[in-house]
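A.B. asks: Have a look at this one.
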Amino acid sequence: MEAKIISTGSYLPSTRVPNQQLETLMDTNDEWIKSRTGIEARHLSETENTSVLCGKAAIKMLDKANVSALEVDLIIVATMTPDYQTPSTACLVQEYIGARQVMAFDINAACSGFVYALSIAEKMVQSGNFRYALVLGGEVMSKVIDWEDRSTAVLFGDGAGGVLLKGVNEKKSFLAEDIHADGSRGLSLTARHLTTQDPFSKTTDEIQQSDYLKMDGRAIFDFSIRNVPASIRQLAEIGETQLAEVDYYLLHQANYRIVEAIAKKLKLPMSKFKTNMQRYGNTSAASIPILLDEVVSAGELKLGSGQKIVLTGFGGGLTWASILIEL
Ligand SMILES: O=C(O)C1CCN(c2ccc(-c3cc(CO)ccc3Cl)cn2)CC1
């Protein structure tokens, strides 16, 4: 049995916030944001939590595939901004879409989360025990942002996207993967630090509970430029594929200059690297599936066409993960 992507879907909350609107909230400006990140606007959720964004994206992909929610055997949600610690966001999605009481769980690999989840779901479908698998990336980053910290508040957005996998007796579609973590540099990007809190705990001063996302931007920038090209080269070698044979590279949409720098290091044209951070900002685990759905919806990628794509996530953890897929 092999796993095949049979549908894609995405959902953005309705409130669009252009850079100019952030100028009224903090000491920033459209020119700085656009020139340093490529971001022109982001969508922010006023009432819909992560499970609802994911549920709405899931309903779109099930409808497109003409698959009932009752046929879904597995739901994985990649998120660093769950509705709750428990229940998992995937359990809330199961209820939201009206699926049977099937296996549903969240994974947290931050901006690499969707690629991690896709790798996990593929193996589970290959086992022959799961016929239809919903693989979602969803974030409400706006709830972990410090809206007084202009260095991070201008970078992130909310949204959800995903794919519907089906077990089929066809040739392999998932050709190669390169998936990593490096916890030694994990504190370069943190959010929601939960320290020990019991009558006997001895939280020292430097161990601070923190609700907000904090990022060493320079460190993450440098890590990305170093690790992502190496991961893509390694993937191409494992998949016995030339970099030029890949139709599109869909990278985590953190920063336009990062995508440019990676394309340059790989000596590939920017035309192979689709981007949408201009419209949505950095939606962490949701960025790749939203981009994939947009490129498929635009007809630039066709499911079942044999086109080759590389999906690469990179960020919190630190994690980085690449997957080579023949559609
Ligand atoms: O001064 C400048 O130019 C600033 C410098 C700092 N910037 C950054 C830094 C890091 C990221 C980033 C974040 C993640 C997490 O999803 C993953 C990957 C990256 Cl590369 C995005 N922007 C913005 C422009």
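The values are calculated or read from the model by the stated rules, or taken from the named source; none is laboratory data. Since the structure is predicted, the reported quantities are computational estimates derived from the model, not experimental observations. Please note: Cβ atoms are built from the backbone with ideal geometry, for glycine as well, and neighbour counts cover all protein chains shown.
A.B. asks: I'd like to know if region 154-170 contains one or more residues that are more than 19 Å from Gly9 (Cβ to Cβ), surrounded by fewer than 22 Cβ atoms within 10 Å (Cβ to Cβ), touching a Ser or Thr at 6+ places or on another chain (Cβ under 7 Å) and not hydroxyl-bearing (Ser, Thr, Tyr).
C.D. replies: No, because not a single residue in region 154-170 is more than 19 Å from Gly9 (Cβ to Cβ), surrounded by fewer than 22 Cβ atoms within 10 Å (Cβ to Cβ), touching a Ser or Thr at 6+ places or on another chain (Cβ under 7 Å) and not hydroxyl-bearing (Ser, Thr, Tyr).
A.B. asks: Additional query: Hey, any hits in region 55-75 for a residue that's surrounded by fewer than 22 Cβ atoms within 10 Å (Cβ to Cβ), hydroxyl-bearing (Ser, Thr, Tyr) and within 21 Å of Val163 (Cβ to Cβ)?
C.D. replies: Checked against the condition, which is being surrounded by fewer than 22 Cβ atoms within 10 Å (Cβ to Cβ), hydroxyl-bearing (Ser, Thr, Tyr) and within 21 Å of Val163 (Cβ to Cβ), region 55-75 yields at least one hit.
A.B. asks: Let me ask something else. Scan region 209-231 for residues that are out of contact with any Phe, Trp or Tyr (no Cβ under 7 Å at 6 or more places or on another chain) and either farther than 27 Å from Arg150 by Cβ or among the charged types (D, E, K, R) (or both) and jot them down. Steps first, answer last, please.
C.D. replies: Taking region 209-231 and keeping what is out of contact with any Phe, Trp or Tyr (no Cβ under 7 Å at 6 or more places or on another chain), we get 209-223, 225-226, 229-230.
Correct list: Asp211, Lys214, Asp216, Arg218, Asp222, Arg226, Pro229, Ala230.
A.B. asks: Somewhere in region 46-63, is a residue basic (Lys, Arg), within 28 Å of Thr319 (Cα to Cα) and at pLDDT 95 or above? Before the answer, list the steps.
C.D. replies: If we filter region 46-63 for residues that are basic (Lys, Arg), which is where we start, we get 56, 60.
Filter once more, keeping what is within 28 Å of Thr319 (Cα to Cα): 56.
Add one more test, that the residue is at pLDDT 95 or above, and what stays is 56.
Yes, the conditions are met somewhere in region 46-63.
A.B. asks: Then there's this: Failed condition for Arg218, given (1) in contact with a strand residue (DSSP E or B) (Cβ under 6 Å, 6 or more places away or on another chain); (2) free of Cβ contacts under 8 Å to residues at least 24 places away in the same chain; (3) within 9 Å of the ligand (Cβ to nearest atom), with all others met?
C.D. replies: (1)
A.B. asks: For residues that are out of contact with any helix residue (DSSP H, G or I) (no Cβ under 7 Å at 6 or more places or on another chain) and touching a residue at least 12 places away in the same chain (Cβ under 8 Å), tally how many sit in region 37-51.
C.D. replies: Of the residues in region 37-51, the ones out of contact with any helix residue (DSSP H, G or I) (no Cβ under 7 Å at 6 or more places or on another chain) are 46-49.
After this cut, where a residue has to be touching a residue at least 12 places away in the same chain (Cβ under 8 Å) as well, the list is 46, 48-49.
Count: 3.
A.B. asks: Here's a check for you: in region 278-309, which residue that is touching a helix residue (DSSP H, G or I) at 6+ places or on another chain (Cβ under 6 Å) and of a type in the set (A, V, I, L, M, F, W, C) is farthest from Asn227 (Cα to Cα)?
C.D. replies: That would be Leu301.
A.B. asks: To continue, here is another question. Among the residues of region 145-158, how many are touching a strand residue (DSSP E or B) at 6+ places or on another chain (Cβ under 9 Å) and farther than 15 Å from Ala286 by Cα? Let's see the steps before the verdict.
C.D. replies: Taking region 145-158 as the starting set, the residues that turn out to be touching a strand residue (DSSP E or B) at 6+ places or on another chain (Cβ under 9 Å) are 145-146, 149, 151-152, 154-158.
Next cut, farther than 15 Å from Ala286 by Cα only: 145-146, 149, 151-152, 154.
Going through region 145-158 one residue at a time, the tally reaches 6.
A.B. asks: Follow-up question, since we're still on this one. Could you tell me whether region 105-120 includes any residue that is over 21 Å from Val310 (Cα atoms) and either in the same structural domain as Asp178 (by TED's automatic domain parsing) or over 20 Å from the mean Cα position of the chain (by Cα) (or both)?
C.D. replies: Within region 105-120, none of the residues are over 21 Å from Val310 (Cα atoms) and either in the same structural domain as Asp178 (by TED's automatic domain parsing) or over 20 Å from the mean Cα position of the chain (by Cα) (or both).
The rows are residues; the columns are (1) part of a loop (DSSP other than H, G, I, E, B); (2) under 27 Å from Ala191 (Cα atoms).
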site	(1), (2)
Lys4	no, no
Leu25	yes, yes
Arg36	no, yes
Leu70	no, no
Met80	yes, yes
Gln85	yes, yes
Ala90	no, yes
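A.B. asks: Related question: What are the residues in region 308-322 that are over 13 Å from the mean Cα position of the chain (by Cα) and surrounded by 24 or more Cβ atoms within 10 Å (Cβ to Cβ), if any? Reasoning before the result, please.
C.D. replies: Within region 308-322, the first condition is being over 13 Å from the mean Cα position of the chain (by Cα), and the residues that meet it are 308-310, 317-318.
Residues satisfying the conditions are Val310, Gly317, Leu318.
A.B. asks: Quick check on Ser305: is it closer than 23 Å to Asp63 by Cα, in a loop (DSSP other than H, G, I, E, B) and modelled with pLDDT of 95 or more?
C.D. replies: Details: closer than 23 Å to Asp63 by Cα: yes; in a loop (DSSP other than H, G, I, E, B): yes; modelled with pLDDT of 95 or more: yes.
Yes, satisfied.
A quick yes/no check of all residues on (1) away from the ligand (no atom under 15 Å from the Cβ); (2) farther than 21 Å from Ser10 by Cβ; (3) under 18 Å from the mean Cα position of the chain (by Cα); (4) among the β-branched types (Val, Ile, Thr):
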position	(1), (2), (3), (4)
Leu250	no, no, yes, no
Tyr256	no, no, yes, no
Asn276	no, no, yes, no
Pro289	no, no, yes, no
Leu303	yes, no, no, no
Gly306	yes, yes, no, no
